[in-house]
Amino acid sequence: MLATRSTGDGLPALALMGLACALLAACVSPAPTPSGTADASLPPDSPSDEGAARALGQLDWVFSPPANILGGPNGSYSLQAGTLADGEPLVDLEVPWRAELGDGIAREPAVGAPHGGSVVYVADDGARSDVRRAEIAADGADQSLATLDEVVWDIVVAPDGSAAYAAIVDRAKTTRDLGVVRIHLDGSRSVEPVLPPAQLGAADTVRPVAVIAFQVSLAMSLDGEHLIRRTCAEAGSCLVEVAALASGRVAELPDREILGGAAGLIVAQHCDVHGCRLETLDIASSSTASVEVDAFGTVVEVGGAPVVVAMVNDGRDSLTLEAVDPASGRRSLLYRIPDGATMTFGDFLFLTIDVPPGLVHVIETKPIRAGDDTIGMDERHVLVSVADGRIIELPEPAYDAPWTGTQG
């Protein structure tokens, strides 16, 4: 799997940076200490409360669970989207999606991360793939961008919002890779090839790994300059390729679990009989450096360098969120959850929030008990600044979870 997503979809980088600064200035608290967690809530009479609410209200979210997770038919999936300021979804669509589960194949809906007030998604009626863009607004536009005969396995959107990149496979045989195409988002319906079909088994860099079935994963570097594709065959071999989008140069990398890309570097986790470690691959020089740190998470850029944000068990049945420098292996505590709670970060159960650069979305979940019975779950959503561990409280996204029948 690829543990990063593009950071932009039409919203200029300066606007994202400005929003991040507004959030940090408006509603931050000191970083939590190892002995407990900090409550970052502002007092009701805080002069910055109104500005914080406005800034937080600009953050979009998208929720897109496949129907088959409930044992339902593979005929559609639910696409919901909204802003944190709204108490209900602004987008609520039932999207056609034919994904047959024969031969061990399981394919999730191809939905991009929310950015710039819209979401790019794919509808598939079993004959064609319709790549669409929905505006995250009440009665917002829902536009067809391109129609493809092939199946779209995965899709990502460039940070500048200029194009989407779709991994396509043969509709007649969905284990046959057909490459990656660029779909321009200017309404021209222009589609052009970017990567040819993956040549699995043709290079020494392909190594056996444990995989369930054929799969293709796409990711963008945080600056949008590099597209990363990891293709795995049913036989258990995988190929990782990085395409420099400006020059068209394609580099093959040793098969790794790619965590993300930033500042001309790809950060990956490599596990073998000796354990797991972080590797940093320089795209320009093809050189590789590693540190003996076992960390799996997502990559953010801080001060012009990639940082891995990973969840760690501290050995005392407590989970912490840590920032790891993949160059030195240095680790810093960002967040510790209270006893009895669990923590996830980044994408969570098909939920994605448009997080500004340098911040990570954390969901803290704790059972609500009545005696010995659990009667519900209490969720706390926060953003954590990777640079200094400051915490920003978030409202709960108002999505309708089909497995509970409740919001959030």
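Just so you know, all these numbers are worked out from the coordinates, no wet-lab data involved. All values derive from a computational prediction rather than experimental measurement. For neighbour counting, all protein chains shown are included, and Cβ atoms are generated from backbone atoms with ideal geometry for every residue, glycine included.
In table form, for the structure just shown:
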read-out	value
Karplus-derived 3J(HN,Hα), 6.51/-1.76/1.60, for each residue of segment 237-250, Hz, glycine and proline x	9, 10, 10, 10, 10, 10, 9, 7, 5, 6, 9, x, 5, 10
Residue-count net charge about P96 - beta-carbon cut-off 9 Å; Lys, Arg +1, Asp, Glu -1	-3
R0 of 30 Å, Cβ-Cβ distance V250-A138: FRET efficiency to nearest 0.05	0.10
Loop-resident sites, segment 267-329, for GluC sites (Glu not before Pro), counting at most 15 other Cβ within 10 Å (DSSP)	E292
Rough spin-label spacing in nm, given labels placed 7 Å along Cα→Cβ, for A213 and R369	4.0
Backbone HN-Hα couplings from phi across segment 265-278 [Karplus 6.51/-1.76/1.60, Hz, Gly and Pro as x]	10, 10, 9, 9, 10, 10, 10, 8, 5, 8, x, 10, 8, 8
Per-pair calculated FRET efficiency, R0 = 25 Å: D223 and T342 via Cβ, rounded to 0.05	0.15
V291-L319 pseudo-label distance in nm [points 7 Å out on the Cα-to-Cβ vector]	2.3
Mean Cβ neighbour count within 10 Å, used as a protection proxy, ranking 92-98, 259-265, 140-146, 365-371 highest first	259-265, 92-98, 140-146, 365-371
Cβ-based exposure ranking for H274, H381, H361, in which fewest neighbours within 10 Å come first	H274, H381, H361
M377 versus D86: modelled label distance in nm, points set 7 Å from Cα along the beta carbon direction	2.4
Selected from G376, A401, A387, residue furthest toward positive end of dipole (segment 359-401; charges at beta carbon)	A387
Other-chain or far-sequence residues with amide H under 5 Å of S76's (modelled H)	A67, W97
Extension gain (nm, one decimal) between V273 and A172, 0.36 nm per residue minus Cα-Cα	32.5 nm
